[in-house]
Ligand code: FES
Ligand SMILES: [Fe+2]
């Protein structure tokens with residue numbers, strides 16, 4: 001890593017040191033300063049609807065069982081046995097009243113309580129020697145849900161989730177609360193790409209500029225009815241608190257007409273009408289925007305689009321789909337992507353199937369957009385690892401004048417919270433990386449600093465002993 005304060009200053013003025021996309025020291029800082037103390041998406045409640053249902057998810061190397069216990073409460077428990085540290089649950093998902101460790105057989109209820117201990121009397125002197133009661137799998141330090149989305153934070157002193165989410169909740173509702181009963185999800189598809197995690201997160205936050213170039217072939221084969229460049233250029237970019245995204249401009253019409261244009265059925269529009277606030281509806285009816293891709297810092301992204309699912313259908317027969325994903329960093333140069341399909345729980349089976357097909361055509365491990373995108377990101381990551389990349393500042397200043405002023409004024413009558421601009425710009429990529437820089441600069445709390453200090457001291461002592 002080059003000089004840290006210079007790196008942060010460059011990032012803040014929209015000139016990004018290329019090496020931040022492939023640098024072990026930067027990645028170490030990201031792990032400690034970002035992923036060990038940010039709200040990370042783990043699962044959706046609809047993945048574990050019944051008591052005993054569970055999925056296994058990770059934050060960095062920390063592996064968690066996300067389970068619904070017999071009382072219906074969602075538990076997020078560190079998947080490591082209290083005895084000698086075996087990973088207890090080795091399946092990715094399932095239904096279980098108990099989890100039994102495969103090493104020596106300690107068993108835990110699905111709320112984490114230790115209930116079974118082989119040879120308890122002989123080995124430990126029974127309850128008097130070692131009381132099982134009060135022994136539980138380590139819970140995740142902080143867990144919150146929003147619209148069924150389960151987020152966890154490794155920092156017990158983390159900023160409360162709703163405070164962190166702020167008014168980005170306004171936008172999250174478009175994807176995850178299309179009816180009072182919420183959404184259900186399918187997936188996740190999970191695969192790894194040789195790309196730095198930030199590139200995808202930045203792309204989903206605000207890169208409407210890449211669509212006409214990178215995804216040209218998707219337009220050429222007739223998957224979309226409009227030339228992508230046009231609908232993107234007239235769309236708005238918004239940033240609000242810890243997240244931001246892109247929107248498409250829709251043709252003139254009412255709330256209902258515009259949602260029909262996107263492919264929603266009248267009964268789905270009725271539900272949207274009753275579950276969204278007046279201001280949320282006015283973003284569509286008055287402003288004429290429809291949300292598209294978005295990222296919530298640091299690693300949770302969403303996409304909404306409406307392709308022609310049936311190639312032989314008329315031009316106006318499109319089907320909307322929604323997808324969400326996590327960019328789970330594996331190293332400075334590798335990311336595991338978890339990608340889910342989202343749909344209104346009350347939609348008809350026919351709609352769900354067509355929408356799922358749209359998602360699979362566009363995103364997921366075999367999606368056409370996915371293939372186009374990842375080719376770029378793998379290339380950026382690879383070339384960012386060389387020595388020349390240490391001398392290059394990437395220009396991420398689109399939409400700014402040389403005097404650091406926005407080229408266009410923010411929209412005055414935009415009905416969503418935060419700041420919105422029409423046209424191409426890299427406001428959101430800069431906003432995301434500003435969060436990134438602020439997090440990296442924020443000192444680890446005192447307790448963590450002490451632990452770090454001890455680690456350094458210990459390694460120093462070891463050095464002297466040699
Ligand atoms: S490590 Fe789990 S029972 Fe021993
Ligand atoms: Fe893309």
- Task: Please tell me if residue 200 is more than 16 Å from ligand 1 (Cβ to nearest atom) and in contact with a helix residue (DSSP H, G or I) (Cβ under 7 Å, 6 or more places away or on another chain).
- Result: yes
- Query: If you check residue 373 against the conditions, is it in a helix (DSSP H, G or I) and at pLDDT 90 or above?
  - Reply: yes
- Does the range 90-97 include one or more residues that are within 23 Å of residue 153 (Cβ to Cβ) and either more than 9 Å from ligand 1 (Cβ to nearest atom) or buried (at least 16 other Cβ atoms within 10 Å of the Cβ) (or both)? yes
- Number of positions in the range 307-338 that are closer than 23 Å to residue 219 by Cα and in contact (Cβ under 8 Å) with a residue 60 or more places away in the chain: 8
- Any idea which of 399, 416, 425, 364 is more than 19 Å from residue 202 (Cβ to Cβ) and away from ligand 2 (no atom under 16 Å from the Cβ)? 416
- Go through the range 38-47 and count every residue that is surrounded by 21 or more Cβ atoms within 10 Å (Cβ to Cβ) and more than 15 Å from the chain's Cα centre (by Cα). 1
- Any residue at all in the range 123-131 that is surrounded by 14 or more Cβ atoms within 10 Å (Cβ to Cβ), within 16 Å of ligand 1 (Cβ to nearest atom) and over 30 Å from residue 431 (Cβ atoms)? yes
- Task: Consider residue 186 carefully, then state whether it is touching a residue at least 12 places away in the same chain (Cβ under 8 Å) and away from ligand 2 (no atom under 16 Å from the Cβ).
- Result: yes
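The values are calculated or read from the model by the stated rules, or taken from the named source; none is laboratory data. Predicted model, so just to flag it, every value in this text is computed and none were measured. Every residue, glycine as well, gets a Cβ built from its backbone with ideal geometry; the counts of neighbours run over all protein chains shown.
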